[in-house]
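Beneath this line is the structure, given in structure tokens, with notes to follow.
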Amino acid sequence: MIRVDKKVLKKIPVKDYINAAEVLNTLNSERYYLVNAYQHEEILVLDLYNNKNELGFRIFHTLGDWIVLEGNKWRKSGIERLFYYWPRYTLIAGKESMEVMRKYLKTENDPIEKLVELQEEIRKRRLAIVHKKEMDEIDTYMEHVKPIPEDFYKWIDDEVMKESRYIIYQYRKAKLMKGRCTHCESDVMVSGAKHNVKGKCPSCNSVITFKASGKFSLANDKGRARLVQSYPGGAVVREFSIWYRHENFSGGPRVDKSKNEYHRKIITDEYKIFHYGTFKSTDQVRWNNGALFDSYESPIYPGNIQEELKGTRFQYSGLWEMINSDAQFRPEDYLNTYLKGSAIEYLAKLGLHKLALAAIVQINGDGYYMYERTRWPKINLHGKTPTEVLGIGKYNFNRAVKLSASLNMLKILQLSESENLHIQDEHLLEIESRYSDRYSHQYEDFFRVAKLSTVHQVLKYTKDINFGDYMDYIDMAEKLNWNMRDRFVQFPRHFKEAHDQASALLDIKIQAAHNRSIAEFFKANSEKFNFDSEKYLIRLPMSAKEIAREGKVLHHCVGSYIERVASGERLILFIREKDKPHDPLYTMELEPETYMLIQVRGLNNAGVPKMVKTMISKHQVRLNKNKKKKATTAA
């Protein structure tokens, strides 16, 4: 920006100018600004007036920078970005202003266009300075990245892309056929080859896929790989994209192999991500800040892990053990988790790789919501001992290690301890596999009923019935106050009949309770709420059945309000014709505390006629009057 105090710029006097409104109004357009240009010391000042003779903008310009004052607000916008309608907004300048600008800008051409060009050059210089600062900072990070290990690309060939090996053969009706191995690039003779069938190369002994030359033209095989290396203060994880392109030409097969690094993730006290590609709006291809895209798990180079991490903060992290397991994970997430809770090392080194993966999810993002919502056990990554980490005793901890426990298994072990129930290993595995519906909390439900009998009995009884239906039955039985210690109650011989009977009895019990509440409210409040006019009446419902019928006849949802009406959460009134007091006509809802009208609904949610609206208004007036009278009496 201009290296002059903005207070000083503001004090530059506005030079007198002709009446801008007179000039602009002759052009019959609001999208014009008149420019008054003059030089103040080393600064070119442009005062821009609109057709109302108002000073809209002041532009303070040098050959190397500019700044705009709009009212009392400073802006950095260039001329072409200053107006919403540019270039439909037009700047007009008188002869004197044009000469001032030409002289300052040293041009014989249109000075306003020259000014736009100058601002674009200045903007590019500004941006280049910003870009250089950012690139220099990135390069500082890149300086500490080590060379790629010598055998890294061989590992990619032998492990990551081992399926991308073919023998392309010339089919003929003969015992031996000519072919060429794309891996060892040897000409070979093969027998019994079939298109797209696996086999072995006679030369390099690699597992290959046979491709008949007449049926094969192109194979694009893609893969990804990660390399972990030490880095000052931590580690760097490097991600590679691999592409093997096999083509069958008349002169023989050809293989193009590309291995490109596209991400570097530096894990120290800060977590920095870089991607390789075009740098912003420039034409430079280099390292950039930020991720190119969200990358998924890929094979991790194991060859140098222990040596690389020796002497670093990750030396004892357990990353080596995780890489040598069957677990699929991103090493950057693992190392980030280790920095936030080093106890993940216990899980990796004790073979509890499923729990280590759960801990990674717990720390690194979306999975956290799942843990909160579903009440799954959180792994205490700050625990000082393995048993503290998992929240279970030593006996169950040893079982967890023996069974390579998952998060489901951990929850079962924690629940068994809290309920003081011993569960055999085979039952643990059965419970884990059968009741793993995480959103229904079926493990808690299982232990809730197992406490009343035995684990074995519950497993046996629920083997052939839906567990959710069984828990519905248990819930209904408890609400009906049945003896839950009775074996015939807990495990009825004919489950469906018992379930349906409990449901019917509970409906009767609930309906009776709702009827009592609604009838008691009617008896105590009918005088307050009941109201009539010459043709219509308003009254409270007398039973739950009456509310249900109201909704059914008028085809609206008041029937779903029964429970809330019974509890006092909703206040429902019926509007009837006086000579048909039991025939549903309109249904009205008031706010239970203030008696404010919420809604009135007729058949199929239809509105109400003017006469009914008038009666409702009178009803509201009476309710409010009685309410105020009661409040005054109480005072």
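Odds and ends about this structure:
- DSSP-defined beta bridges in the range 150-289 - what % are antiparallel, rounded to 5: 90
- Computed over neighbours whose Cβ is under 12 Å from that of LEU350, the net charge equals +1, Lys and Arg +1, Asp and Glu -1.
- Electrostatic dipole magnitude of the chain [Cβ: Lys, Arg +1; Asp, Glu -1; Cα centre; debye, to 20]: 1120
- Within a straight-line Cα-Cα reach of under 30 Å, LYS10 can be paired with the following lysines, leaving aside sequence neighbours fewer than 8 residues apart in one chain: LYS52, LYS73, LYS76, LYS95, LYS103, LYS106, LYS114, LYS124.
- Averaging the sequence gap over all C-alpha pairs within less than 8 Å and six or more residues apart, then dividing by the number of residues, gives the range 454-586 a relative contact order of 17 percent.
- Relative contact order computed over the chain (Cα-Cα under 8 Å; 6+ residues apart), in percent: 4
- Peptides 165-172, 283-290, 298-305 ranked from most to least packed give 165-172, 298-305, 283-290, packing being the mean of other C-beta atoms within 10 angstrom over each peptide's residues.
- Sites TRP243 and LYS463 - FRET efficiency at Förster radius 41 Å, r taken between beta-carbons, to 0.05: 0.20
- Distance from the alpha carbon centroid of the range 534-580 to that of the range 37-62 works out to 73 angstrom.
- Three-way shape call for the range 218-272 based on the alpha-carbon gyration tensor, with the a/c threshold at 1.5: prolate
- Length-normalised contact order of the range 150-289 in % [C-alpha pairs under 8 Å, at least 6 apart]: 15
- Beta bridges by DSSP in the chain, antiparallel share as percent, to the nearest 5: 90
- Label corresponding to log10 I(q)/I(0) by the Debye sum over Cα atoms at q = 0.07, 0.10, 0.11 Å⁻¹ when calculated from the structure given, among (i) -0.97, -1.00, -1.05; (ii) -0.70, -1.00, -1.11; (iii) -0.57, -0.94, -1.04: (i)
- Average accessible area per residue (Å²) across the chain - probe 1.4 Å, nucleic acids and ligands excluded: 56
- Global geometry of the range 511-634, whether rounded, prolate or oblate, following the gyration tensor of its Cα atoms and the 1.5 cut on a/c: oblate
- In a simple Cβ point-charge model (Lys, Arg +1; Asp, Glu -1; nothing else charged), the range 511-634 has a dipole of about 400 debye relative to its Cα centre.
- Helix-only [θ]222 nm of the chain, DSSP H runs n ≥ 4, -39500 (n - 2.57) each, per residue, nearest 500: -12000 deg cm²/dmol
- Label-to-label distance for ASP151 and LYS545 is 8.6 nm, based on points extended 7 Å past Cα in the beta-carbon direction.
- Listed residue pairs exceeding 24 Å between alpha carbons, taken from LYS11/LYS132; LYS154/LYS198; LYS463/LYS509; LYS154/LYS354: LYS11/LYS132; LYS463/LYS509; LYS154/LYS354
- Tensor-based shape of the range 6-126 (alpha-carbon gyration tensor, a/c under 1.5 rounded, otherwise prolate or oblate): rounded
- Efficiency of FRET from Cβ geometry, CYS557 and ASN530, R₀ 25 Å, rounded to 0.05: 0.55
- One chain, two ends: GLN620 and GLN414. Fully extended at 0.36 nm per residue, the span grows by 68.4 nm beyond their Cα-Cα distance.
- Placing unit charges on the Cβ atoms of the charged side chains and taking the dipole of the chain about its Cα centre, the candidate lying farthest along the positive direction among PRO581, GLN442, TYR169 is PRO581.
- Amide H within-cut-off set for ASN53, under 5 Å, with H built and near neighbours excluded: ALA21
- For LYS628 and GLU478, the FRET efficiency from 1/(1 + (r/R0)^6), where r spans their Cβ atoms and R0 equals 56 Å, is about 0.75.
- Compared with the alpha-carbon gap, the fully stretched path from ASP110 to LEU421 is longer by 102.9 nm at 0.36 nm per residue.
- Cα-based reach from LYS194 at 16 Å (exclusive), listing lysines while leaving out same-chain residues under 8 positions away: LYS173, LYS175, LYS178, LYS211, LYS215
- Applying a length cut-off of 30 Å (Cα extent along the axis) and a mean Kyte-Doolittle floor of 1.6 to the DSSP H helices of the chain leaves no helix.
The values are calculated or read from the model by the stated rules, or taken from the named source; none is laboratory data. Not measured: the values here are computed from a predicted model. Every residue, glycine among them, receives a Cβ derived from its backbone with ideal geometry; neighbour counts consider all protein chains shown. Surface areas here come from the heavy atoms of the whole protein model, side chains and all, with no ligands, DNA or RNA. Shrake-Rupley method; radii C 1.70, N 1.55, O 1.52, S 1.80 Å.
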